[in-house]
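Single-structure report; data block below.
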Amino acid sequence: MPLDPNRAFIPVHIAILTVSDTRTLANDTSGTTLAERIAQAGHIVVDRALDKDDADIIEARLRGWIADPTVDAVITTGGTGITGRDVTPEAFDRVLEKRIEGFGELFRMLSYQKIGTSTMQSRAIGGVAGGTYLFALPGSTGAVKDGWDDILVHQLDNRFRPCNLVELMPRLQEHLKPAGA
């Protein structure tokens, strides 16, 4: 992907949430992989948490980070499948103001090249709420690598051309400004 070397890099402040009934921070390989990749790209991990597969708990965590002015983006891992306990997309639906449909579509297209038709079981989702980007990735380490390395590392880099999500950040809350302001 083309990066414009004439543009200065702007680090994005990112919170990471692992959604799991079985993992702990000590054995959370997908969350650790994501945190390492975020830091390697020059971004800042401002918070990291692990919550159970419970839509109310996930929603509360998301709302807290959305309200936090130090968080530009939230990336979750886990809870995007189709089993009864997978409720991350439902929690996202409770907070999203706008969906980024292309994120899930692109994730599944790229994933198809690696895992074939099994990618249809993924409900990866992206969107915006309160000026904060939100992305939900599946819980496997491979899926986290695919989502970060093939999509988010580029879109969260303001040097990425022809356009990226970072350059839109100042405009994400335009709808909240009074008319004529």
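Taking the stated definitions as given, is THR22 in a strand (DSSP E or B) and either more than 14 Å from the chain's Cα centre (by Cα) or buried (at least 19 other Cβ atoms within 10 Å of the Cβ) (or both)?
Numbers: in a strand (DSSP E or B): no; either more than 14 Å from the chain's Cα centre (by Cα) or buried (at least 19 other Cβ atoms within 10 Å of the Cβ) (or both): yes.
Here the answer is no, as THR22 does not meet what is asked.
Tell me whether the range 89-105 contains one or more residues that are under 19 Å from GLY31 (Cα atoms), of a type outside the set (S, T, N, Q) and out of contact with any Gly (no Cβ under 7 Å at 6 or more places or on another chain).
Taking every residue of the range 89-105 in turn, at least one turns out to be under 19 Å from GLY31 (Cα atoms), of a type outside the set (S, T, N, Q) and out of contact with any Gly (no Cβ under 7 Å at 6 or more places or on another chain).
Starting from residues that are out of contact with any Asp or Glu (no Cβ under 6 Å at 6 or more places or on another chain) and part of a loop (DSSP other than H, G, I, E, B), keep the ones in the range 25-58 and report whichever is nearest to LEU137 (Cα to Cα).
If we take residues in the range 25-58 being out of contact with any Asp or Glu (no Cβ under 6 Å at 6 or more places or on another chain) and part of a loop (DSSP other than H, G, I, E, B), then ASP28 is nearest to LEU137 (Cα to Cα).
Going by the conditions given, is ARG63 outside any loop (DSSP other than H, G, I, E, B) and farther than 21 Å from PRO138 by Cβ?
On the way: outside any loop (DSSP other than H, G, I, E, B): yes; farther than 21 Å from PRO138 by Cβ: yes.
So ARG63 passes the test.
Using beta carbons and a limit of 9 Å, which pairs, at least six apart or on different chains, have the first residue in the range 42-67 and closer than 18 Å to HIS13 by Cα and the second one surrounded by fewer than 17 Cβ atoms within 10 Å (Cβ to Cβ) and among the basic types (Lys, Arg)?
LEU62/ARG94; ARG63/ARG94
Quick check on this structure: which one of ASP54, ASP86, ASP72 is surrounded by fewer than 18 Cβ atoms within 10 Å (Cβ to Cβ) and either over 18 Å from GLY147 (Cβ atoms) or modelled with pLDDT of 95 or more (or both)?
Numbers: ASP86 fails: surrounded by fewer than 18 Cβ atoms within 10 Å (Cβ to Cβ); ASP72 fails: surrounded by fewer than 18 Cβ atoms within 10 Å (Cβ to Cβ).
Answer to the check: ASP54.
The values are calculated or read from the model by the stated rules, or taken from the named source; none is laboratory data. Every value quoted in this text rests on a predicted model; they were computed, and no experiment measured them. No Cβ is skipped: glycine too gets one built from the backbone with ideal geometry, and neighbour counts run over all protein chains shown.
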